[in-house]
């Protein structure tokens, strides 16, 4: 990881973030190429809609901007599977009935941007990317905030990571494309961590929530909990 802005503020904030994420030191984390997690949670598709439970598995790459998330909703007879992914500069969102019947698939520049922003916002699920992602860079934003960006990303997408006075991460924020019908609308977004847990020497977000900040108020659409965590070398 390098930064083209040799700023004392960046150095201090990064030092605090690393100390928080690697309570047992950084040596073991430098060998991690990615993480595999399992999740359970619920998603709400629209304000005032019902919450729908899911179980999911996810791979997050620590050395390049790439992830793959697959979630199952419903029971065995009425289930659907959602795949959310990013790799090689492209995003993908796909829906299947069961495991095999394609229903919808979304691709395009807006999805590419939204998916790399999701990847950057999940740095607290995969802390080794702080050390091992060669094109991840940080600049200083307002107050105690680090701005994350992959300098290889042609969309120039960014995510802001807010930290408290003790160097603990509070929230990730961005303006992300939100799908509205057949179109996308750039909308303020936030992801917050409700609890952390130390796994394999890494302090990882255990419970997370994600929200869109609409003109009429915040709309929380995702609540998830990590149920297993494994590092890959």
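The values are calculated or read from the model by the stated rules, or taken from the named source; none is laboratory data. What you see is a predicted model, and the numbers here were worked out from it, not measured in a lab. Glycine also receives a Cβ, built like all others from the backbone with ideal geometry; neighbour counts cover every protein chain displayed.
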- Qualifying residue in region 39-52 (condition: within 14 Å of the chain's Cα centre (by Cα) and touching a residue at least 60 places away in the same chain (Cβ under 8 Å)): yes
- Query: Is one or more of the residues making up region 22-30 surrounded by 13 or more Cβ atoms within 10 Å (Cβ to Cβ), at negative phi, touching a strand residue (DSSP E or B) at 6+ places or on another chain (Cβ under 7 Å) and modelled with pLDDT of 95 or more?
  - Reply: yes
- Query: Which residue, of 47, 128, is over 30 Å from residue 231 (Cβ atoms) and either at pLDDT 95 or above or in contact with a strand residue (DSSP E or B) (Cβ under 7 Å, 6 or more places away or on another chain) (or both)?
  - Reply: 47
- Query: Does residue 204 satisfy being touching a residue at least 12 places away in the same chain (Cβ under 8 Å), under 17 Å from residue 22 (Cα atoms) and surrounded by fewer than 18 Cβ atoms within 10 Å (Cβ to Cβ)?
  - Reply: no
- Output the residue which, of all residues in region 163-176 that are in contact with a helix residue (DSSP H, G or I) (Cβ under 8 Å, 6 or more places away or on another chain) and within 19 Å of residue 125 (Cβ to Cβ), is surrounded by the fewest Cβ atoms within 10 Å (Cβ to Cβ). 168
- Scanning for something closer than 21 Å to residue 15 by Cβ and touching a strand residue (DSSP E or B) at 6+ places or on another chain (Cβ under 8 Å), does region 81-101 turn up at least one residue? no
- Query: Would region 104-116 turn up any residue that is in contact (Cβ under 8 Å) with a residue 40 or more places away in the chain, under 25 Å from residue 38 (Cβ atoms) and over 18 Å from the mean Cα position of the chain (by Cα)?
  - Reply: yes
- Query: Has region 144-159 got at least one residue that is under 15 Å from the mean Cα position of the chain (by Cα) and without any contact (Cβ under 8 Å) to a residue 24 or more places away in the chain?
  - Reply: yes
- Item | Criterion (at pLDDT 95 or above and either within 21 Å of residue 14 (Cβ to Cβ) or surrounded by fewer than 17 Cβ atoms within 10 Å (Cβ to Cβ) (or both)) met by exactly one of 154, 179, 146 | 146
- Which listed residue is touching a strand residue (DSSP E or B) at 6+ places or on another chain (Cβ under 7 Å), surrounded by 14 or more Cβ atoms within 10 Å (Cβ to Cβ) and closer than 19 Å to residue 52 by Cα, from 190, 184, 211: 211
